[in-house]
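Heads up: the structure comes next, in C-alpha cells.
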Amino acid sequence: MSASDSDLEPILGELLPRVIEDCDALIKLERLSGGASQETYRITVATPQGERLLAMRRAAGGEEGEITAQHPGLAVEALLMQVARAQGVPEPEVYYVLQPQDNIGAGFIMQWLEGEALGARIVKAPELDGVRPQLAHMFGVTLAKIHSIDLQATGLDQHLQHLSPEDYVRQTWERYQAFATPQPMIDFTARWLLDNLPTSYTPSLVHNDYRNGNVMVDGEGIVAVLDWEVAHIGDPMRDLGWMLTHSWRFGRAHLPVGGFGLADDFYAGYESVTGEAVDRQAVKFWQVFGSFWWAVGCLSMAEHYRNGPDQSVERPGIGRRSSECQVDCVNLLIPGPVSLVQPKVDVGLVDMPRADELLRSVTDFLREQVMTQTTGRTQFLARVAGNSLDIVQREMALGEAAAAQERERLQSFLSSQETELVRLRAELVQGLRAGQIALDAPGLAEHLRASIVNQINIDQPRYAGLATALKGGAGV
C-alpha cells in the first residue's frame, strides 16, 4: 500500500529524520512539473546547519508494478546512479531507497542539485551562453563514460535486460500493436528498421533516455545525468542516435545534438574517451528508431491515461505527440513533396457563441488567469490543458478535410470500397505487418507523407519537423 500525494507529507515527516543524516524535520514537500512516467519531489528539511533541499523520485502513483529485467524498478535506477557516479559520471548522491514498510511506494531520496534540466531553456537561457558551444562535446564525453561501465564488476548484468537491435524493434512494434490503434507510418518504420539492422555491436550499458532534458547543466557544464528508468544492455549507438533524434532539439532543427550542438562535436567528445570511431551508419539507424520508439511511447501515455493510475491531463496531450515522431520518420525515410488541407469556414449561427469561440474562451482563461495566478505543477498542467484545447480547435477546422483525403487515397491504394477510415487504416497496417505490401509500393510513400504531415498540422503546427517536411524533408 503506497501513500497518495495528500498522505505523503506526514509519512515523510516521520521517515526522514530516521533515514537522512542531520535531518531534524520536514519543512516542505512540493511535487515538480513534468515527470509523465515518474514523479519528482523537492523536499525542504531542517538540519542543525539550517534548511537543506533533498529530492525524491517515486513511481507514478507510488505503484511500480512487477519488477522484471525489462522493468527493473527504481531501486535498480538508484543503483545505476551510484555506479555511474563512481565511474566519474556527474550524478546526485543517493541517500535512501524507499522500502515497502515505509508506505510511500517505490522510489528513492537523493541529493538536491541546482542546475537547468528543461531542454527548452538549455537551448536558449542567457546564463548558459558561455558553456553552450562546449555542451555537445561534454555530452559525448559523459556518454562514453557511461558506456565504459563494467557490467559484470558492478553486478548490473544481473538486473538489466539485454536487448539486441532486432529484439528491441520487435518488442516496441509488438507493444504498439497491442494498443489496437492503427498508425501505418509506425508499421512502415518498423519494417524499414528490420530491413536495416546494425550488423555488430559490443554489448554495453545503455542509458536509453540520454537527451537534452534528461541531463542537468549549469554555467560550468554537466551537473547530473537523470532518469535511468529504462536503462538496459545493448548497442551503445542507441544512446547516440537518441541524442540526435529530432524530438529533443526544442525547435532548433539545425542543431542535431539537443538543439545546442553539432554532431561532429558530439562524436569527437565520445571518441576522445573510447578511442574508437563512432559507427555513423548505426547512429542513423538508431535515430530512426528513436522517433519510432517515442511515437509508440507517446501512444502508451494515452493508454496509461485510459487504464493507468495517473490520469492527469498531461498523458493524453503526450499521446498526440506521436505524430511529431511520425513526421520525423517521414523526413528521414520518405521525404518528398506534400501539401496541407485548407481549414473549413465556420458557418455556425452568428448570434450564438460558436464551439470554437467557447473553446477559445476556456483556453484564454487557462493561459491568462490560471497560469498567471499559479505556480509549479498546477501552472504546468494549465499550460498542457490549453495546448490540448488548441488541438481540438485545429481538428474542428482541419480534421474533416484531412480525413476525407486520407480515405480517398486509401480506397484507391487498397482498391477498397470500405468507407470507415479506421478500418481502411487497419487494412493497410495488416498488409504491412504481414509483408504483403512492399515498402516501395507505388503510392504508399505519398499517402503516408500526406497523412502524417496533415496530422501534425493539427496536433502541433509549430513543430519544426512540419516545416522540414513542407520543404521536402531536407536537413534532417
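Within segment 294-305, identify whether any single residue is over 17 Å from the mean Cα position of the chain (by Cα) and in contact (Cβ under 8 Å) with a residue 24 or more places away in the chain, and answer yes or no.
no
Output the qualifying pairs, or none if there are none: Cβ atoms under 8 angstrom, residues six or more apart or on different chains, first residue in segment 223-246 and among the hydroxyl-bearing types (Ser, Thr, Tyr), second residue surrounded by fewer than 24 Cβ atoms within 10 Å (Cβ to Cβ) and in a loop (DSSP other than H, G, I, E, B).
Thr245/Arg211
If we scan segment 107-125, do we find a residue that is closer than 21 Å to Gly259 by Cβ and more than 22 Å from the chain's Cα centre (by Cα)?
No: zero hits.
Would segment 403-415 turn up any residue that is within 16 Å of Leu340 (Cα to Cα) and either basic (Lys, Arg) or not assigned by TED's automatic domain parsing to the domain that holds Pro343 (or both)?
yes
From the residues in segment 382-430 that are assigned to a helix (DSSP H, G or I) and without any contact (Cβ under 8 Å) to a residue 12 or more places away in the chain, which one is nearest to Gly319 (Cα to Cα)?
Once the filter is applied, the top-ranked residue is Arg423.
Among the numbered criteria (1) outside any helix (DSSP H, G or I); (2) among the polar types (S, T, N, Q); (3) surrounded by 14 or more Cβ atoms within 10 Å (Cβ to Cβ), which single criterion is violated by Gln379?
All conditions pass for Gln379, except number (1).
The values are calculated or read from the model by the stated rules, or taken from the named source; none is laboratory data. Here the structure is a predicted model, which means the values were calculated and not measured. Neighbour counts are summed over all protein chains in view; Cβ atoms, including those assigned to glycine, are modelled from backbone coordinates with ideal geometry.
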